[in-house]
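A short write-up of the structure that comes next.
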Amino acid sequence: MSNAVQIRELVKTFGGKRSIFWGKANEVQAVRGISLDLMQGETLGIVGESGSGKSTLARMLVGLEQPTSGTMLINSKPWNELASAGSRAFGRTIQYVFQDPVASLNPRKTIGEILDVPLRLLCGYGSNKRATRKRELVNAVHMPLDTLERYPHEFSGGQAQRIAIARALAAEASILVLDEPVSALDVSVQAQVLLLLQQLRNDLGLSYLFISHDLAVVESISDRVAVMYLGEVVEIGPAAQLFASPQHDYTRSLIASAPRLTPPEV
């Protein structure tokens with residue numbers, strides 16, 4: 001199995017710039033020399049408390065933040081080459097699914113118009129092909145065809161997240177970065193979206209970097225899990241092994257403080 005993503009010694013520092021009023025601002029290292037791999041067809045869960053650096057890592061991968069140092073390879077190609085200005089290759093390789101699906105969808109456009117953008121700009125499809133693909137995409141996320149004529153505010157959170165997933169799939173990317181994709185949803189809706197993600201991964205051969213603070217969610221969907229603390233990966237391993245026998249003190253405290261996945265025996 002080959003790497004979908006390879007990260008080596010990745011660092012992201014905020015601040016540190018000199019101001020004429022305040023002198024040099026304090027530097028904050030949000031990500032401190034992370035190295036990890038996402039294998040093709042794998043779901044790698046990233047867990048950690050708020051401020052651990054997991055969302056900064058995600059934002060760097062999709063080009064919303066620039067790394068301070070370190071290297072990233074996406075499907076064996078240098079990240080900076082794929083992410084160069086105007087590159088279709090980047091958008092057709094890796095896509096981001098946001099925590100708040102409604103806020104990530106343009107409220108002034110119908111879902112059909114929203115899906116049309118990546119199909120036209122990234123894939124270069126003509127109008128007939130775009131129309132066919134839009135129908136295929138809403139069907140793939142188990143939404144009715146009239147979804148294409150409606151606006152984002154007309155949908156529930158779970159439905160909107162399905163649409164956001166469809167938009168990511170429209171670019172035909174093989175890697176999805178999912179940043180807290182079910183944290184705003186009710187538990188029953190969470191389960192439905194997680195099942196959809198697993199089905200899509202199996203059917204399409206996708207690779208997921210799945211970021212969440214919810215250990216139960218991460219355990220249920222991940223093949224491997226990386227635990228982040230203060231910008232570093234302190235432990236990584238197969239999900240079942242890591243949750244059954246955590247090795248790092250922080251991982252143990254994180255698991256101990258989380259709600260139990262099964263009810264205690266009486």
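In square nanometres and to one decimal, what's the mean projected area of the convex hull around the Cα atoms of region 120-266?
Its average projected convex-hull area is 11.3 nm².
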Which one, Ser156, Tyr96, Ala171, projects farthest toward the positive side of the charge dipole computed for region 87-174 from Cβ point charges (K/R +1, D/E -1)?
Ala171
How high is the relative contact order of region 110-266, in percent, with contacts defined as C-alpha pairs under 8 Å that are six or more residues apart?
16 percent
Determine by what factor the alpha-carbon radius of gyration of the chain differs from 2.2 N^0.38 Å, reporting the quotient.
1.05
Based on the alpha carbons, how large is the Rg to Rh ratio for region 25-166 when Rh follows Kirkwood?
1.01
Return a single number: how many Lys pairs in the chain, at a sequence separation of 8 or more or on separate chains, have alpha-carbon atoms below 23 angstrom apart.
6
Here, region 216-255 modelled as identical Cα point scatterers in vacuum has Debye log10 I(q)/I(0) at q = 0.14, 0.26 Å⁻¹ of -0.25, -0.88
Whole-Å distance, taken between Cα centres, linking region 67-90 and region 95-143:
24 Å
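Read-outs: derived from the displayed coordinates by stated rules, not from any lab. This structure is a prediction, so every number in the text was calculated from the model and none was measured. FYI the Cβ positions are ideal-geometry reconstructions off the backbone, even for glycines, and counts take in every protein chain you see.
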